[in-house]
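Participant: I have a structure here, written as structure tokens, and I will follow up with some questions on it.
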Amino acid sequence: MNTRRVIIIFATFAFIVSATALWDAAGDERDGDSATNVVATSGAEAGSDAAEPKKRKGGLFGKILKAPFKAVGKVFGRGGDDGRLARMTEKDAERFESAGVVRVEDRDHARADLRDEGGAARDYLDRGRTHLEAGRLNEAVAELSRAASLDPKLSQAHSLLAVAYERKGLRDRAEDSYRRAIGADERDPQALNNLGYSLYLSGNYRAAVDRLKRAARLAPADSRILNNLALAQTRLGKYDDAYRSFARAGGEFSGHANVAALLIRAGREEKAVEHLEAARRLQPGSQNVLRQLAELYEHTGRREKAEEARLALAASDARMALAAAEER
């Protein structure tokens, strides 16, 4: 095989990989689970009860450049969960000191100069949560481990410690802490929520639905739990159940809009149209709904409806521009 043919084959492969990766570059602007990110754009809360730190976003051009390499990593089985490199292993963690506190380090997170500020278990819990939400995982592990050792029945300490371990890539330690959290208080809805969302991220959707349903029964008004339940239900193809969970969390309009977005990602455009039309009946002037309907009508060959949706969108834009001008 001559050099020119090798170059052509490689260039073709690179083009195909780039094309398949463009959805990630243009659609998934944030790290993490893509479905969670989709519903988060509507303002819906999902995930564990400890917010993840915000990360700097690169431009779309940079994402497009990186997309082929990310896709190649998936093709050739790059290590880590969800295509991410695992920073540490259990063997690595065993090297670090532990005296009631397990200290986790890696080359990206140097040993923290931790000073014990003292206090009760809940003081350590509060400081641990603050560190966790700020992305200071070593410090979070130290504080939360201390909280759990001072009060083994404090399920929130075990649960958040599990979240910290999971974000470090230490899944076995995370699972152990989740079990301790449920053992400490099997009726703690946040512990069940965090475990359920962890199961969802690992692909164990049926077990995730089971834990999240239990959490929802204990905290029926918690929108984060309900949104997580809906995400797990969509992975099982139970979109009607997912709609009901989303609607309980944020209302009927939000329920239809979120399910439609996930159906679009799954390639089920006809079903997505049904939910978008239902959302439009609830909020006729919603620009996002009208824009999506126009695109989907066009894709599915309903050009008259697509044109009507575009006209309605233009009218909505005009009304908003007029209202903005009157406010000045």
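The values are calculated or read from the model by the stated rules, or taken from the named source; none is laboratory data. On a predicted model such as this, the values are computed, not experimentally measured, just so you know. Methodologically, a virtual Cβ is constructed for each residue, glycine included, from the backbone with ideal geometry; neighbour enumeration extends over all protein chains shown. In case anyone asks, the SASA skips ligands and DNA or RNA and just uses the protein heavy atoms, side chains included. Shrake-Rupley method; radii C 1.70, N 1.55, O 1.52, S 1.80 Å.
Participant: Mind ordering 317-324, 41-48, 167-174 by average Cβ neighbours within 10 Å, highest first?
Facilitator: On the way: 317-324: 10.4, 41-48: 18.4, 167-174: 20.0.
Going by the mean number of other Cβ atoms within 10 Å, highest first, we get 167-174, 41-48, 317-324.
Participant: Sticking with this one: May I ask you to derive the relative contact order of the stretch 216-328, considering only C-alpha pairs under 8 Å and at least 6 residues apart, and to give it as an integer percent? Each step should come with its number before you reach the end.
Facilitator: Working: 118 pairs, mean separation 16.7, N = 113.
It rounds to 15 percent for the stretch 216-328.
Participant: List the GluC sites (Glu not before Pro) within the stretch 170-277 that fall in a DSSP loop (any state other than H, G, I, E or B) and whose Cβ has at most 16 other Cβ atoms within 10 Å. Write down the numbers at each step before the final one.
Facilitator: Working: sites: Glu175, Glu186, Glu252, Glu269, Glu270, Glu274, Glu277; in loops: Glu186.
Hits after loop and neighbour filter: Glu186.
Participant: Can you tell me, using C-alpha contacts under 8 Å and at least 6 residues apart, the relative contact order of the stretch 217-265 as a whole percent? If you can, show how the numbers build up before the last one.
Facilitator: Values: 47 pairs, mean separation 15.2, N = 49.
Once divided by the residue count of the stretch 217-265, the mean separation gives 31 percent.
Participant: Tell me the Kirkwood hydrodynamic radius of the stretch 258-308 in angstroms, computed as one over the mean inverse distance between distinct C-alpha pairs. Show your work: numbers first, answer last.
Facilitator: Details: mean 1/r = 0.0938 Å⁻¹.
Across the stretch 258-308, the inverse of the average 1/r is 10.7 Å.
Participant: Give the accessible area for Val141 in Å² (nearest 10); use a 1.4 Å probe, count only protein heavy atoms, and leave out ligands, DNA and RNA.
Facilitator: We get 0 Å² for Val141.
Participant: Just to be sure I understand the model, the point goes 7 Å from the Cα along the line to the Cβ. What's the resulting Gln287 to Arg319 distance in nm?
Facilitator: The two pseudo-label positions are separated by 1.3 nm.
Participant: Provide the gained length on full extension for the span Arg122 to Ala266, in nm with one decimal, where the gain is 0.36 nm per separating residue minus the Cα-Cα distance. Can you show the working numbers first?
Facilitator: Details: separation 144, 0.36 × 144 = 51.84 nm, distance 4.30 nm.
Computed gain between Arg122 and Ala266 is 47.5 nm.
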